[in-house]
1. Sort out which residues of the range 131-147 are at pLDDT 95 or above, surrounded by fewer than 19 Cβ atoms within 10 Å (Cβ to Cβ) and either of a type in the set (S, T, N, Q) or farther than 25 Å from T163 by Cβ (or both), and write them in order of number.
2. Identify all residues within the range 82-93 that are surrounded by fewer than 16 Cβ atoms within 10 Å (Cβ to Cβ) and closer than 22 Å to T32 by Cα; write none if there are none.
3. For the range 99-110, what are the residues that are touching a strand residue (DSSP E or B) at 6+ places or on another chain (Cβ under 6 Å) and either of a type in the set (G, A, S) or open to solvent by less than 20 Å² (accessible area, probe 1.4 Å) (or both)?
4. Checking V52 against (1) modelled with pLDDT of 95 or more; (2) within 18 Å of T132 (Cβ to Cβ); (3) open to solvent by 40 Å² or more (accessible area, probe 1.4 Å); (4) not basic (K, R), which single condition isn't satisfied?
5. Modelled with pLDDT under 85, farther than 17 Å from F100 by Cβ and under 16 Å from the mean Cα position of the chain (by Cα), is that true of D70?
6. Condition first: among the aliphatic types (A, V, I, L, M) and open to solvent by 10 Å² or more (accessible area, probe 1.4 Å). Now tell me which residues in the range 148-162 satisfy that.
7. What's the total number of residues in the range 111-130 that are open to solvent by less than 20 Å² (accessible area, probe 1.4 Å) and part of a loop (DSSP other than H, G, I, E, B)?
8. Check off (1) touching a Ser or Thr at 6+ places or on another chain (Cβ under 9 Å); (2) of a type in the set (A, V, I, L, M); (3) farther than 22 Å from V56 by Cβ; (4) open to solvent by less than 40 Å² (accessible area, probe 1.4 Å) for L79 and give me the number that stays unchecked.
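The values are calculated or read from the model by the stated rules, or taken from the named source; none is laboratory data. On a predicted model such as this, the values are computed, not experimentally measured, just so you know. Cβ: placed from backbone, ideal geometry, glycine included. Neighbour counts: every protein chain shown. Protein only, heavy atoms only, side chains kept; ligands, DNA and RNA dropped before computing areas. Shrake-Rupley method; radii C 1.70, N 1.55, O 1.52, S 1.80 Å.
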Amino acid sequence: MFRRKIAAVAVAVATGFGLTVAAGTASADTVTQTCYVNGSDIGRTVNVTITVPATVTRGVPVPVFLRVRDVKAWTGRPLGAGAIMGIGVIKMGGAGSGEFKVNRLGNPTAIAVGEHWYVEGTEQVAFTTPGTITLGLRMFGQPIYYGCLIPTGQEPPVAATVTVA
């Protein structure tokens, strides 16, 4: 009884501080991948992080976080927070197939000259296929002009896995 009260208080305190309490540990990894500007042979190397709960219930939406960070330092003019807007497309593999969009990628903080630019966003996704599903970035950029694509027929590196029960 005492342990349940302690657990309830811990959840209440964590929630009060804006922390998310979820069952299971999140699956996240950062992978480096090269993608190509609009299907050209101009390569861009980025670090991709996808974070998702390690285990989810089939059909129940969960947050999937995507962050794309350039490995080269930014050489353009300084950018204010929210200056970069775009979308990302995550490809599923393993037990799953298809892809889904992270519709609101943006830079939450300012990017100074010499820093690495990055965009990030979170999308609620309901996984429907039971089993272990792999996730990797297939493309990101503006909705019409994609700044980075994986060539057709190639699989993106796996940046996260999720088990759907």
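1. Passing the criteria: only T132.
2. If we filter the range 82-93 for residues that are surrounded by fewer than 16 Cβ atoms within 10 Å (Cβ to Cβ), which is where we start, we get 82-83, 85.
Within the range 82-93, M85 is the sole residue that qualifies.
3. V102, L105, G106, N107
4. V52 satisfies every listed condition except (3).
5. On the way: modelled with pLDDT under 85: no; farther than 17 Å from F100 by Cβ: yes; under 16 Å from the mean Cα position of the chain (by Cα): yes.
No, not satisfied.
6. Pass one, the range 148-162, residues among the aliphatic types (A, V, I, L, M): 149-150, 158-160, 162.
Correct list: L149, I150, V158.
7. Total meeting the criteria: 1.
8. (1)
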